[in-house]
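No lab work stands behind these numbers, since they all come straight from the coordinates. In this text the structure is predicted, and so the values were computed from the model without any measurement. Please note: Cβ atoms are built from the backbone with ideal geometry, for glycine as well, and neighbour counts cover all protein chains shown.
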Amino acid sequence: MSKRHPNPRLAKIHRNYTVEEVASLFGIHRNTVREWVKRGLPTSDKRRPMLVLGSDLAAFLRGRRVKNKRTCQPGEMYCVRCRAPRAPAGDMADYQPLTATLGNLIGICPACEAMMYRRVSLARIEQVRGKLEITLPQALPHIGESAEPSVNSDFG
């Protein structure tokens with residue numbers, strides 16, 4: 001269970017939770033839940049104990065996750081160090097295959113010169129490309145296709 005990104009599906013929508021119950025549900029500290037209330041998590045009323053409706057809790061956590069998303073446009077990759085999507089330096093990227101249909105685009109951030117990665121399927125590479133110049137790996141030629149004979153040949 002991720003404490004940094006609590007799963008909103010754990011909250012039952014037809015149940016009321018106290019601050020302590022929310023904290024134990026997500027494995028976080030009570031003060032974290034109180035901070036969420038200060039930042040806009042709605043409570044049922046202003047009296048003690050503070051009660052949070054499960055549907056409000058789930059909506060609040062989903063809203064936090066959506067607010068922090070940074071979607072990349074075509075031709076952009078996400079730089080973790082800068083925490084922003086950017087076009088790689090020189091509009092160049094390399095494709096590194098991971099499986100037959102999936103791979104990573106690798107580029108260099110123009111601002112901080114860190115490596116940037118973007119996971120992409122081979123079928124969608126044209127949609128993601130934008131104006132990037134992508135270098136695809138070339139397979140090495142088979143030994144039988146070579147014009148020169150192999151040095152390690154037993155034939156004289």
For H14 and N31 in the same chain, what is the full-extension length gain: residue separation times 0.36 nm, less their Cα-Cα distance, in nm?
3.7 nm
Which of these, E76, E35, E113, has the largest mean-square fluctuation under a Gaussian network model of the chain (Cα springs below 10 Å)?
E35
Excluding near-sequence neighbours (fewer than 8 apart on one chain), the chain holds lysine pairs with C-alpha atoms under 21 Å apart numbering 6
Output the lone cysteines of the chain: those with no second cysteine's C-beta under 4.7 Å from their C-beta.
C72, C112
Rounded to whole Å, give me the distance from the Cα center of the range 77-140 to that of the range 11-31.
40
Output the relative contact order of the chain, whole-number percent, from Cα pairs under 8 angstrom with separation of 6+ residues.
16
Find which of I125, M77, G107 sits farthest along the positive direction of the dipole of the range 9-146, computed with +1 on the beta-carbon of Lys and Arg, -1 on that of Asp and Glu, about the Cα centre.
M77
Fewest-first ordering of D45, D91, D56 by Cβ atoms within 10 Å yields D45, D91, D56
Please list, in chain and number order, the residues 5+ apart from A84 or on another chain whose amide H is under 5 Å from its amide H, with Hs placed from the backbone.
C79
Read phi for every residue in the range 96-104 and hand back ³J(HN,Hα) as whole Hz from Karplus 6.51 cos²θ - 1.76 cosθ + 1.60, θ = phi - 60°, with x for Gly and Pro.
10, x, 9, 10, 5, 10, 10, x, 10
